[in-house]
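Heads up, the thing below is written out as structure tokens.
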Amino acid sequence: MRLVDSHCHLFDMKKGYLLPEDIFPVVVGFSDGSNRKAAALAKEAGYPFVLGIAPQTAIKEGTKKLDEWIAFIKNAKPNAIGEVGLDYKWAETKEHIVAERMVFSAMISLAKEMRLPLVIHSRNNPNENDLPKDAVADILSMVSGQRFLMHFYSGTKEQAGRIVKAGGHISVAHMRSKEKREVINTVPLDRLLIESDAPYVGRTPESIREAASYIAEVKGISVEEVAEATTRNAMAFFDFRL
């Protein structure tokens, strides 16, 4: 049984970490520095990889070097553009929102130009302030007509329904909750992927085994069926073969 970890930062694993043979990773960057590490590792090992500028990076590093960052992504020829998106949870000012949206818009244009799907980071704003709240709604209004994956999805089942209706895929990690169970029930198996987001969420890519088990439990099917479906979905989305 082969499992695909659809989102991991393998370049940030502890030195000496050995990936199990039954797990195949999609290596993902989120900043210019991490993009360069992701591309180098993935090309050497023969893994698919995803490059982009995340909203957290837009907040932290601004947009002055955006053209330079985009030039590297173009030249590296990734399997998808990501992780990119909108994070309204960590945005503290209107200027942060402007920077996030500017970078996300540029990443969407890049994905269109390169004819690649998008891997999207999304967080709604739970805070009591006058900043935007619904990141999912804003994302869906911007990515119309494009293939996309909502990675480490943390939204509601209603938002998940809108994502599926818009043609999107949803990736889930290993954590369990009432809300996650509702999302898994809402999303058809042919739109689900699994991920570790290691080492930041799952400590290692092995956490996708628990994610697969959770989907199987909720949907009342075997882990083998989940493994087969999510692997097939990942290969189709990222355009690679095992």
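The values are calculated or read from the model by the stated rules, or taken from the named source; none is laboratory data. What you see is a predicted model; the values in this text were computed from it and never measured. Virtual Cβ from ideal backbone geometry, glycine too; neighbours counted across all protein chains shown.
For this structure, a couple of remarks:
- Flag for LEU118 being touching a Ser or Thr at 6+ places or on another chain (Cβ under 9 Å), of a type in the set (A, V, I, L, M, F, W, C) and closer than 24 Å to ILE170 by Cα: no
- Within region 80-107, the set of residues being more than 18 Å from GLU128 (Cβ to Cβ), of a type outside the set (Lys, Arg) and either in contact with a His (Cβ under 9 Å, 6 or more places away or on another chain) or surrounded by fewer than 21 Cβ atoms within 10 Å (Cβ to Cβ) (or both) comprises GLY82, GLU83, VAL84, GLY85, LEU86, GLU95, VAL98, MET102, SER105, ALA106.
- Applying the criterion of being of a type in the set (A, V, I, L, M) and assigned to a strand (DSSP E or B) to the residues of region 26-50, the residue that is surrounded by the most Cβ atoms within 10 Å (Cβ to Cβ) is VAL28.
- Condition met for LYS112 (over 23 Å from ASP197 (Cα atoms), of a type outside the set (Phe, Trp, Tyr) and assigned to a helix (DSSP H, G or I)): yes
- Residues in region 66-89 that are over 20 Å from ALA40 (Cα atoms) and in contact with a Pro (Cβ under 8 Å, 6 or more places away or on another chain): GLY85, LEU86, ASP87, TYR88, LYS89.
- Subset tally (residues that are over 17 Å from PRO199 (Cβ atoms), touching a Pro at 6+ places or on another chain (Cβ under 9 Å) and in contact (Cβ under 8 Å) with a residue 40 or more places away in the chain) for region 1-50: 5
- Region 115-132 - residue that is in a loop (DSSP other than H, G, I, E, B) and touching a Pro at 6+ places or on another chain (Cβ under 8 Å) and, of those, surrounded by the most Cβ atoms within 10 Å (Cβ to Cβ): LEU116
- From the list ASP130, ASP138, ASP134, the lone residue that is at pLDDT 95 or above, of a type outside the set (Lys, Arg) and more than 21 Å from GLU195 (Cα to Cα) is ASP138.
- Check on ILE23, surrounded by 13 or more Cβ atoms within 10 Å (Cβ to Cβ), at pLDDT 95 or above and within 24 Å of ARG115 (Cα to Cα): no
- Only one of ILE53, ILE70 that is surrounded by 24 or more Cβ atoms within 10 Å (Cβ to Cβ) and in contact (Cβ under 8 Å) with a residue 40 or more places away in the chain: ILE53
- All of PHE24, PHE11 fail the test of being touching a Leu at 6+ places or on another chain (Cβ under 7 Å) and more than 29 Å from LEU66 (Cα to Cα), apart from PHE24.
Conditions (1) of a type outside the set (Lys, Arg); (2) closer than 26 Å to GLY16 by Cα; (3) free of Cβ contacts under 8 Å to residues at least 40 places away in the same chain; (4) touching a Phe, Trp or Tyr at 6+ places or on another chain (Cβ under 9 Å), marked per residue:
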{"site": "THR204", "(1), (2), (3), (4)": "yes, yes, no, yes"}
{"site": "GLU210", "(1), (2), (3), (4)": "yes, yes, yes, no"}
{"site": "ILE221", "(1), (2), (3), (4)": "yes, no, yes, no"}
{"site": "GLU225", "(1), (2), (3), (4)": "yes, no, yes, no"}
{"site": "ASN233", "(1), (2), (3), (4)": "yes, no, no, no"}
{"site": "LEU242", "(1), (2), (3), (4)": "yes, yes, no, yes"}
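- THR63, sole failed condition from (1) buried (at least 24 other Cβ atoms within 10 Å of the Cβ); (2) of a type in the set (Val, Ile, Thr); (3) part of a loop (DSSP other than H, G, I, E, B): (1)
- Cβ pairs under 7 Å, 6+ apart, first in region 111-132 and farther than 22 Å from GLU83 by Cα, second surrounded by 13 or more Cβ atoms within 10 Å (Cβ to Cβ) and of a type outside the set (A, V, I, L, M): LEU131/TYR88; LEU131/ASN125
- Of all residue pairs spaced 6 or more apart or on separate chains, those with beta-carbon atoms under 8 Å, a first member in region 152-178 that is within 18 Å of HIS7 (Cα to Cα) and a second member that is of a type in the set (Gly, Ala, Ser) and part of a helix (DSSP H, G or I) are TYR153/ALA160; ILE170/ALA160; VAL172/ALA211; ALA173/SER207; ALA173/ALA211; HIS174/SER207; HIS174/ALA211.
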